[in-house]
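Here the structure comes first, spelled out in structure tokens, and everything after it is commentary.
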Amino acid sequence: MSVNFCKSSVVAFEGFVLNNAAMIIAGTVVGSAGTLLTQLMAKAMNRSLANVLFSDFGSGGGGSTTEVKGSMKPIEASDVGVMMAFASKVIVVPGYGMAVAQAQHKVWEMCQLLIDRGVTVKFAIHPVAGRMPGHMNVLLAEAGVPYDLISDLDEINAEFETADVALIIGANDVVNPVARTDKSSPIYGMPILNADKAKNVIVIKRGQGAGFSGIENALFFLDNTRMLYGDGQKADRAAADRLGDVEVAHLDLADLARVRAFADSVETVDVLVNNAGVMGLPLTRTADGFEAHMGTNHLGHFALTCLLGSKIKDRVVSVASAM
């Protein structure tokens, strides 16, 4: 925005030199708009206007002195579809990456599938997400997202703690938790979306690069975060395809007769999901992981796993937290 202000000021001054009223008016209007937007974004980042104009923010040279621990853990689009199919509440956090990939339409198509399954879906918008304030709102409106599903930072932040999945699409610095905790970070003090407080976090991202601030995002390294790498449109389409294939069978695993009847009634099972009613751990793609997070109905889980046997076509998945 400051670039717009500088360029428009040059146009206005050139208008004075050439005695051209049109250039003076155009330069003044654009310069005023650029100044206003710069002030709005500076306020949203909790930074002064002088800091925005003259600091080396984004160069990577003044990064945090705190080392980010852990590793980024990848996930497949099909597993994302399964996880969201068993969610009760999903909060979508769009960012500039969604705009670059032009993925807003695919994102909304996937969210419509979730809504049709009875999942509560909301969109969380940060004031500085995208190129300018309101950028994400415009893109979502273009895709047809109802306005009542879109919330700003102050309205939505308290709801992340009750969300089963926070889906981050192309956002980076605006969800980085070091802004709350690390005083040495260049983004410390900036209001952020509390996506890290969701039970599960899925990040759709092209690669492992840093955001505009030039620092690593601690959210990407948390135990409850999984990274879905690739183009936003393709990733959303693949997750939506898997989501549409998921059929949920609710079983009382304490009722062994019903467990046996269910096992006899199915021909194949692509994915066996252990869901104890709480989505707290990321997908565990091994039988050992399934057994480790069985919940309380140990006998029922054991019986179901044994009875299905070779009918389990793909893998055993757990989306439940340990009881």
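The values are calculated or read from the model by the stated rules, or taken from the named source; none is laboratory data. Treat the numbers as computed from the prediction; the structure is a model and nothing was measured. Every residue, glycine as well, gets a Cβ built from its backbone with ideal geometry; the counts of neighbours run over all protein chains shown.
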TODO: Would you point out which residue out of 240, 218, 143 is among the aliphatic types (A, V, I, L, M) and in contact with a His (Cβ under 6 Å, 6 or more places away or on another chain)?
DONE: 143
TODO: Please specify each residue of segment 113-144 satisfying the condition of being hydrophobic (A, V, I, L, M, F, W, C) and surrounded by fewer than 19 Cβ atoms within 10 Å (Cβ to Cβ).
DONE: 115, 132, 138, 141, 143
Open item on the list: Give me the residue from segment 213-262 that is among the β-branched types (Val, Ile, Thr) and modelled with pLDDT of 70 or more and, out of that set, nearest to residue 106 (Cα to Cα).
Closed with: 225
TODO: At least 3 residues that are under 13 Å from residue 122 (Cα atoms) in each: list the strands (runs of 3 or more DSSP E) lying fully within segment 141-222 that qualify.
DONE: 150-152, 165-169
TODO: Within segment 171-197, count every residue that is among the acidic types (Asp, Glu) and closer than 24 Å to residue 101 by Cβ.
DONE: 2
